[in-house]
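Visitor: Structure in structure tokens, see below.
The values are calculated or read from the model by the stated rules, or taken from the named source; none is laboratory data. Computed from a predicted model, the values in this text were never measured in an experiment. Glycine also receives a Cβ, built like all others from the backbone with ideal geometry; neighbour counts cover every protein chain displayed. In case anyone asks, the SASA skips ligands and DNA or RNA and just uses the protein heavy atoms, side chains included. Shrake-Rupley method; radii C 1.70, N 1.55, O 1.52, S 1.80 Å.
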Amino acid sequence: MGALNSILTVAFDALSWPFRSLPPIWGLSVISFATGILMLWIFGKVSNQDAIKVVRDKIRGNLIGIRLFGDDLGLLARMQGRIVGHTARYMGYALFPLVVTLIPVLLILVQLNYRYAARPLAPGETAIVKVNLRPGTSPLREEVRLEAPDAVAVETQGVRIDDPNEDLRQVAWRIRAVEPGDYTLRFHVGGETAEKRLRIGAERRPVSAVRPGREFWEVLLFPGEDPVRGAVQSVEVQYGKLPIELLGFGVNWLVFFFFVSLIAGFALKRPLG
């Protein structure tokens, strides 16, 4: 999974490069539109289009029959039953292509989340940093210490939480960004050390909010850094949201992505067959 994430990250870095100096809405629009075309192409390749067309025509035929023979209750009931059956068959034909299509879409969403969900910390801005520990490592018993460079001020001592009922073993600090740049936070747990990248500055760049553990889904969803090992399960930095505006209004990147990709799919379904 890590190797796949690395390949996709390099590919999306190249894809996003032409839009690096433009407002984020531009790059997001192009990638969303291209995703809609990709979804449509994949669906067309893996679905049985002939069977779908036949079932769709039967549904339309029965709908026309309902309008023509609506006064015949027996015939009306039979046609409604046929519509239900054909609709179930239509959904069956579409289910497998939909599942196949969702796989690349999920990988694209992960990369977009890395680029459009958050922004680097601004100088003077504060944030919460959390380190989550693995089962068997208690923050109340172990020495857990945060080491930060001079460009990052640690404003509080670590707040420790050990709650077996919530499966929560966590230590949190409040930090303040001082100087722009890329820095490394180091977390010392017992005799082990784990690192987390921190970005400060006004320039829009991808930020890794979470350094994941070794679990498959965590590695998949957070591609910005390699999985952490040892006693540390994951490390989180609460970055601020990246502002994305369309015609002066703020938009959620995920909602915008689905809207544009669906519009692209519907607009091009006939030209692409």
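Visitor: Any residue at all in region 228-242 that's at negative phi and in contact with an Asp or Glu (Cβ under 6 Å, 6 or more places away or on another chain)?
Guide: For region 228-242, residues at negative phi and in contact with an Asp or Glu (Cβ under 6 Å, 6 or more places away or on another chain): present.
Visitor: Quick check on my filter: what residues within region 11-33 are without any contact (Cβ under 8 Å) to a residue 40 or more places away in the chain and either touching an Asp or Glu at 6+ places or on another chain (Cβ under 6 Å) or among the hydrophobic types (A, V, I, L, M, F, W, C) (or both)?
Guide: Within region 11-33, ALA11, ALA14, LEU15, TRP17, PHE19, LEU22, TRP26, VAL30 meet the criteria.
Visitor: Check region 209-218 and report whether any residue there is closer than 20 Å to PRO24 by Cβ and not charged (D, E, K, R). Give the derivation first.
Guide: Step one: list which residues in region 209-218 are closer than 20 Å to PRO24 by Cβ, which gives 209.
Keeping just the survivors that are not charged (D, E, K, R) gives 209.
Within region 209-218, one or more residues are closer than 20 Å to PRO24 by Cβ and not charged (D, E, K, R).
Conditions (1) over 26 Å from PRO135 (Cβ atoms); (2) open to solvent by less than 60 Å² (accessible area, probe 1.4 Å); (3) β-branched (Val, Ile, Thr), marked per residue:
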residue	(1), (2), (3)
VAL159	no, no, yes
ASN165	no, no, no
PRO180	yes, no, no
ALA194	no, yes, no
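Visitor: Scan region 196-224 residue by residue and report those that are closer than 20 Å to PRO139 by Cβ, open to solvent by 20 Å² or more (accessible area, probe 1.4 Å) and touching a residue at least 24 places away in the same chain (Cβ under 8 Å).
Guide: Passing the criteria: VAL210, ARG211.
Visitor: Would you mind finding the one in GLY65, GLY74 that is farther than 30 Å from LEU221 by Cα, at pLDDT below 75 and surrounded by 14 or more Cβ atoms within 10 Å (Cβ to Cβ)?
Guide: Criteria check complete, one pass: GLY65.
Visitor: Of the residues ALA127, ALA122, which is under 30 Å from ASP13 (Cα atoms), surrounded by fewer than 16 Cβ atoms within 10 Å (Cβ to Cβ) and modelled with pLDDT of 95 or more? Let's see the steps before the verdict.
Guide: Working: ALA127 fails: surrounded by fewer than 16 Cβ atoms within 10 Å (Cβ to Cβ).
Just one listed residue meets the conditions, ALA122.
Visitor: Going residue by residue through region 197-205, is there one that turns out to be part of a loop (DSSP other than H, G, I, E, B), over 22 Å from LEU107 (Cα atoms) and modelled with pLDDT under 90?
Guide: Taking region 197-205 as the starting set, the residues that turn out to be part of a loop (DSSP other than H, G, I, E, B) are 201-205.
Filter once more, keeping what is over 22 Å from LEU107 (Cα atoms): 201-203.
Keeping just the survivors that are modelled with pLDDT under 90 gives 202-203.
Yes; the residues of region 197-205 include at least one that is part of a loop (DSSP other than H, G, I, E, B), over 22 Å from LEU107 (Cα atoms) and modelled with pLDDT under 90.
Visitor: Also: Of everything in region 226-262, what is buried (at least 19 other Cβ atoms within 10 Å of the Cβ) and free of Cβ contacts under 8 Å to residues at least 40 places away in the same chain? Give them in sequence order.
Guide: VAL228
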